[in-house]
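Laboratory data are not the source of any read-out in this text; all were calculated from the coordinates shown. In this text the structure is predicted, and so the values were computed from the model without any measurement. Positions of Cβ are generated from backbone atoms using ideal geometry, with glycine treated the same way; all protein chains shown enter the neighbour counts.
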Amino acid sequence: MLTALIPTYNYDIYPLVVELESQLRKANIVFEILCIDDGSLSDLNKENQKINALKNSLFIENKTNIGRSAIRNLLAKKAKHEWLLFLDADTQISNKKFIENYIDEIKPSNQIVYGGICYQKNKPKKNQMLRWVYGNKREALNVTQRNKDKYLRFLTLNFLIKKSVFDQVKFNESIPNSRHEDTLFAYDLKRSEINILHINNPVYHMGIETSKLFIKKSLESVDSIVHLTNNNLIPKKHIKIMKVYDFLKKTFLNSFLIYIYVKHNSFFEKNLLSSRPSLLVFDLYRLSYLCLINKRK
C-alpha cells in the first residue's frame, strides 16, 4: 500500500524512522520504509544501520554521491507499493496521527498530497536566527495560505504521491546538484496538470543551519534559478524574484541594485547575521546579487 522514502546525507535518521515505523504498524497497513544515504560515508551510518532491524525497513549506503534529484528517483524506483511518502532526513513527525492523516487522503481522486512544514516555537541560537525567521515567515504556512499558490508553496520534504504519477514526472537529474530541484518538480507537476492537495499534516524542520551557511545557500539558489530560467526549464513569470528582476531591468533600476550590493554588502550581512534579521534586507540582498550576476553574463 505505502512506501516511505527517506533520502539522507550525513544525518542520524534512526529516531525519525522509529516513529514512522511505529505509526505505520499501528495503522495496520502493508508498508515498507526505504532509506538511502547518498555517499556521505558518515560515522552516523553506524546508528542508521539499526534501521535494518525494524519491521519492513531498509537502510542502504551509497558509496558515491549521485545528487538530490537522482537519490529521490532511485528510492522511488526501488519502492514496491502504490503510494510513496517522501520525507527529508532533517524532519521530525509532529503528531501521533501523521500517518493516519495521510492514509485518509489515499483516494482514487488524489494524486499528490502535501502536508506542510512547521518550526519549533523556541528561538534557536543567535547564529541560526535567519533560517528560523525565514522558515516561520515563508515556509510554515497554513493550508489557506498555501492554496493561494499551491505549486510555489509546495516543498518536497513531506509529501505523499501516487507511484504512477511520480513515474510520470520524476525529479530532473539533468540540472546541477545545487538548489531548486523542488521548484522544478513542482512546476513540472503544474505543467502536467497534476493537482496538489494541501492538508494540515506538517513535520518539524529540524535541520536549521547557521545564518552564514543559509546566506551561502540562498545565493546558490539564485544561481540555480538563473540556470533554470535561462535553459527554459521554468518560465521567468513563474518565479517571483525573476519577475521583479525583469521589471528592474526594464526600468533601468538594476544598475542601482548592483551599486547597492557592491557598496553595502557588509551592511546586508551584518543585519542577516544578527539576532534580528530582516527579511526585507534578505530579499534586497538576493535581488541585488541577481542583478550583479546577470550583468556579468
Open item on the list: What are the ³J(HN,Hα) couplings of segment 248-262, residue after residue, when phi is run through the Karplus curve with 6.51, -1.76, 1.60 and θ = phi - 60°? Round to Hz, x for glycine and proline.
Closed with: 4, 5, 5, 9, 6, 8, 5, 5, 5, 5, 5, 4, 4, 5, 5
Open item on the list: How would E32, E220 line up from fewest to most surrounding beta-carbon atoms within 10 angstrom?
Closed with: E220, E32
Open item on the list: Give me I258, I293 sorted ascending by neighbouring Cβ count inside 10 Å, so fewest comes first.
Closed with: I293, I258
Task: Long-range amide H partners of I36 with built H, under 5 Å - done: I6, T8, I60
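When the helices in the chain are scored as -39500 (n - 2.57) per DSSP H run of 4 or longer and the sum is shared across all residues, what 222 nm value do you end up with, to the nearest 500 deg cm²/dmol? Provide the component values of the computation, followed by the final result.
On the way: 12 runs with 132 residues, N = 297.
The helix-only estimate for the chain comes to -13500 deg cm²/dmol at 222 nm.
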TODO: Calculate the dipole size of segment 94-178 relative to its Cα centre from +1 charges on Lys and Arg beta carbons and -1 charges on Asp and Glu beta carbons; express the result in debye to the nearest 20.
DONE: 540
TODO: Using per-residue counts of other Cβ atoms within 10 Å, averaged over each peptide, order 13-19, 147-153 from highest down.
DONE: 13-19, 147-153
Open item on the list: Quick one: 3J(HN,Hα) in Hz for segment 38-52, Karplus 6.51/-1.76/1.60 with θ = phi - 60°, rounded, Gly and Pro as x.
Closed with: 8, x, 6, 6, 7, 5, 5, 5, 5, 6, 5, 4, 5, 4, 5
Open item on the list: Output the 0 to 90 degree angle, nearest 10, between the alpha-carbon long axis of helix 211-230 and the longest principal axis computed from the alpha carbons of the chain.
Closed with: 80
- [ ] Quote the charge dipole size of the chain about the Cα centre in Debye, to the nearest 20; the model charges only the Cβ of Lys and Arg (+1) and of Asp and Glu (-1).
- [x] 1180
TODO: With 22 Å as the limit, write out which pairs from K55/K80; K148/K243; K50/K212; K97/K126 have Cα-Cα distances beyond it, or answer none.
DONE: K50/K212; K97/K126
Task: Matching label, Kirkwood radius over Cα pairs in Å computed from the structure shown, candidates (1) 20.4; (2) 20.9; (3) 19.9 - done: (1)
Open item on the list: Just to confirm my numbers, what's the Cα centroid distance between segment 53-71 and segment 211-270 in Å?
Closed with: 34
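Decide, for segment 59-184, between rounded, prolate and oblate: order the square roots of the alpha carbon gyration tensor eigenvalues as a ≥ b ≥ c, take rounded if a/c falls under 1.5, and otherwise choose prolate if a/b is larger than b/c, else oblate.
Note, shape of segment 59-184 comes out oblate.
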Task: segment 147-158 - phi-based ³J(HN,Hα) in whole Hz, Karplus 6.51/-1.76/1.60, Gly and Pro as x - done: 5, 5, 8, 5, 8, 6, 8, 8, 10, 8, 7, 6
Task: Cα-based reach from K217 at 12 Å (exclusive), listing aspartates and glutamates while leaving out same-chain residues under 8 positions away - done: E209
Open item on the list: For the chain, what does the relative contact order come out to in percent, with C-alpha contacts under 8 Å and a separation of six or more?
Closed with: 19
- [ ] Calculate how steeply helix 14-27 sits against the longest principal axis of the alpha-carbon atoms of the chain, using the helix alpha-carbon long axis, and give the answer as 0 to 90 degrees to the nearest 10.
- [x] 50
